Amino acid sequence: MDNIIELKNVFFSAQDDRKILQDVSIEFVPGKTTAIVGPSGGGKSTVLKLSAGLLIPESGEVLFKGKNVAYMNRSDNLEFRREGAFVFQDSALWANMDLYQILELPLKIHYPLMNKNQRDKRINEVTELVGYRKDLRIRPARLSMGEQKLIAFARSMLCNPSVLFLDEWTESLDESAADRLIEIVRKKQREDTSILFVSHDMRIILDLADYVVVIIDGKVTAHSQKENMISDLLLNDFLKIGIAS
């Protein structure tokens, strides 16, 4: 089985030359869910962003379906962007657009032949899916952090992605809203969506992950099926060193 995404000997540094990732190699299996865990500042969100092509490694390769993300042509890059969707920890909503414009933009880019009525219908579908029922003609600054997260998650659903990248995606949500998003992810799992997520929530890790990757101090210290992690009692160690809660 070919990997959906693969990191090969990846190094990445911050702008101040501080090493964030050192010789990281990870293979992500298609149709499976991988939890990327580790203590704060250890590099897990950087791994997620590199996997999604949002960052380019200083050396090494990031491959999507065997193609180097850094050297994709325009057509391959558009396919990658359409198939993948990223939910940022801080939601990353455009401050100078209203919510409708934010949700409309991906549809305009990836489905240029879609008319206004079709875009309206799809936007209504995804906002209803995540449970957002307020006005879409307001800007993100008027939303709570939890509401912003709902819009960010709705945006990720617009193009029915085959790869989902989720960075602390239930943070700032009450239990009811978090459970709604978890159920959406379960549905995507049943559709064989490849899912990579970062979380400190042990409940989510145990519930959703097929595989667990542990990143500590910029290095992969463990990578195996979740059941193997549990049988090796590594999850108890995670709790002790602050990887999960």
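Listing for the model above:
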| item | result |
| --- | --- |
| Around D217: net Lys/Arg minus Asp/Glu count, Cβ-Cβ under 13 Å | +3 |
| Most fluctuating residue given options K149, K134, K49, as computed from a GNM of the chain linking Cα atoms under 10 Å | K134 |
| Largest-first ordering by accessible area, 1.4 Å probe, given options R190, R81, R139 | R190, R139, R81 |
| Long-range amide H partners of L173 with built H, under 5 Å | none |
| Percent antiparallel among DSSP beta bridges (both partners in the chain, rounded to 5) | 55 percent |
| Helix axis angle, 175-190 relative to the chain longest principal axis, alpha carbon, degrees | 80 degrees |
| Cα gyration tensor of the chain - equivalent ellipsoid semi-axes, whole Å, descending | 29, 22, 17 |
| Per-residue SASA entry for Y211, accessible area with 1.4 Å probe, Å² rounded to 10 | 50 Å² |
| Residue-level accessible surface for D16, protein heavy atoms, 1.4 Å, Å² | 110 Å² |
| Subset of K32/K149; K32/K219; K49/K134; K108/K188; K44/K226; K188/K219 violating a 19 Å alpha-carbon distance limit | K32/K149; K32/K219; K49/K134; K108/K188; K188/K219 |
| MRE, 222 nm, helices only [DSSP H, n ≥ 4, -39500 (n - 2.57), over the chain, to nearest 500] | -11500 deg cm²/dmol |
| Net charge dipole size for the range 1-149 [Lys, Arg +1 and Asp, Glu -1 on Cβ; Debye, nearest 20] | 540 debye |
| Cα lying deepest toward the dipole's positive end in the chain, options L105, S172, S91, charges on Cβ | L105 |
| Mean accessible surface per residue for the chain, computed with a 1.4 Å probe while every protein chain stays in place, in Å² | 49 Å² |
| Nonlocal amide H pairs with L54, under 5 Å, H built at 1.01 Å | none |
| Principal-axis tilt of helix 116-130 within the chain, Cα atoms, nearest 10 degrees | 50 degrees |
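The values are calculated or read from the model by the stated rules, or taken from the named source; none is laboratory data. Computed from a predicted model, the values in this text were never measured in an experiment. Cβ sites come from the backbone with ideal geometry, for glycine too, and all protein chains shown count toward neighbours. Accessible surface is based on the protein model in full, side chains and every heavy atom, while ligands, DNA and RNA are left aside. Shrake-Rupley method; radii C 1.70, N 1.55, O 1.52, S 1.80 Å.
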